[in-house]
1. Spot the failing condition for GLU164; the list is (1) loosely packed, with under 13 Cβ neighbours inside 10 Å; (2) closer than 23 Å to THR120 by Cβ; (3) of a type outside the set (Ser, Thr, Tyr); (4) modelled with pLDDT of 95 or more, and only one is missed.
2. Out of the residues in segment 1-23 meeting the condition of being assigned to a loop (DSSP other than H, G, I, E, B) and aromatic (Phe, Trp, Tyr), tell me which one is surrounded by the most Cβ atoms within 10 Å (Cβ to Cβ).
3. For residues in segment 132-147 being under 13 Å from VAL162 (Cα atoms) and within 16 Å of the chain's Cα centre (by Cα), which is surrounded by the fewest Cβ atoms within 10 Å (Cβ to Cβ)?
4. Would you confirm whether or not segment 78-100 contains a residue that is in a loop (DSSP other than H, G, I, E, B), surrounded by 17 or more Cβ atoms within 10 Å (Cβ to Cβ), of a type in the set (A, V, I, L, M) and at pLDDT 85 or above?
5. Is it fair to say ARG95 is touching a residue at least 60 places away in the same chain (Cβ under 8 Å) and over 16 Å from the mean Cα position of the chain (by Cα)?
6. In segment 40-52, which residues are small (Gly, Ala, Ser), within 22 Å of LEU97 (Cβ to Cβ) and at pLDDT below 95?
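The values are calculated or read from the model by the stated rules, or taken from the named source; none is laboratory data. Note that the coordinates shown come from a computational prediction; the quantities given were computed from them, not determined experimentally. Neighbour counts are summed over all protein chains in view; Cβ atoms, including those assigned to glycine, are modelled from backbone coordinates with ideal geometry.
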Amino acid sequence: MARFPQARFLLSAAAPAQFPADSGAEVAFAGRSNAGKSSAINAIVGRQALARASKTPGRTRLINFFELSAGRRLVDLPGYGYASAPESERRTWPRLLEALRQRSSLQGLFVIVDARRGITEGDLALLEWAGPGQRAHVLLSKADKLSGSDARRALSAAAAAVGEGVSVQVFSAHTHAGVEEAHRMLSVWLGDAEK
């Protein structure tokens, strides 16, 4: 079931000047390359292919904006930890991310982490980039690849690694475990819990 039936691709930005107007509310999704970010976005939004999932790491290279409903956006950030993008492209990312962080419309950050790998230095750097005033939530994706006890251990280890102020949950786009919880958080952050 499509939770945001009017969701649509809005634009890809290669420079801050291309961002949509800084109004309404938006929530960013980030994660290490191949952590399952596109699959998580599609599962949470309830759309098959809103964000393009690929087995090839590093496919998302620009900042992609999706309009979920009027004045409500989802922001898909380039995956980190994979160097296939040209150097000239990678050099623009810090400036893009900093411009995004300054937007008053940014209401929260989902960080997608492969549950089998756990929290990495790159994940912690991203959470630090978001800053103490920004809401952040970690999705331990691909949890269906772990046993129940391993998933509980991964959740406990991740919660300890990120510390207070960041929430963590297990998640599987494949089995839909945790999808409702993540959808509720997205809706609250966007300021309109979906009817």
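1. Of the numbered conditions (1) loosely packed, with under 13 Cβ neighbours inside 10 Å; (2) closer than 23 Å to THR120 by Cβ; (3) of a type outside the set (Ser, Thr, Tyr); (4) modelled with pLDDT of 95 or more, the odd one out for GLU164 is (4).
2. As a first pass, look at segment 1-23 and keep what is assigned to a loop (DSSP other than H, G, I, E, B): 1-7, 14-15, 19-23.
Then keep just the ones that are aromatic (Phe, Trp, Tyr); that gives 4, 19.
On the way: PHE4: 22, PHE19: 19.
Taking the candidates together, the pick is PHE4.
3. Just the residues of segment 132-147 that are under 13 Å from VAL162 (Cα atoms), to begin with: 132, 135-140.
Subset that is within 16 Å of the chain's Cα centre (by Cα): 135-140.
Numbers: ARG135: 17, ALA136: 21, HIS137: 19, VAL138: 26, LEU139: 33, LEU140: 29.
Among them, the one singled out is ARG135.
4. No, segment 78-100 contains no residue that is in a loop (DSSP other than H, G, I, E, B), surrounded by 17 or more Cβ atoms within 10 Å (Cβ to Cβ), of a type in the set (A, V, I, L, M) and at pLDDT 85 or above.
5. Values: touching a residue at least 60 places away in the same chain (Cβ under 8 Å): yes; over 16 Å from the mean Cα position of the chain (by Cα): yes.
Against the criterion (touching a residue at least 60 places away in the same chain (Cβ under 8 Å) and over 16 Å from the mean Cα position of the chain (by Cα)), ARG95 qualifies.
6. ALA51
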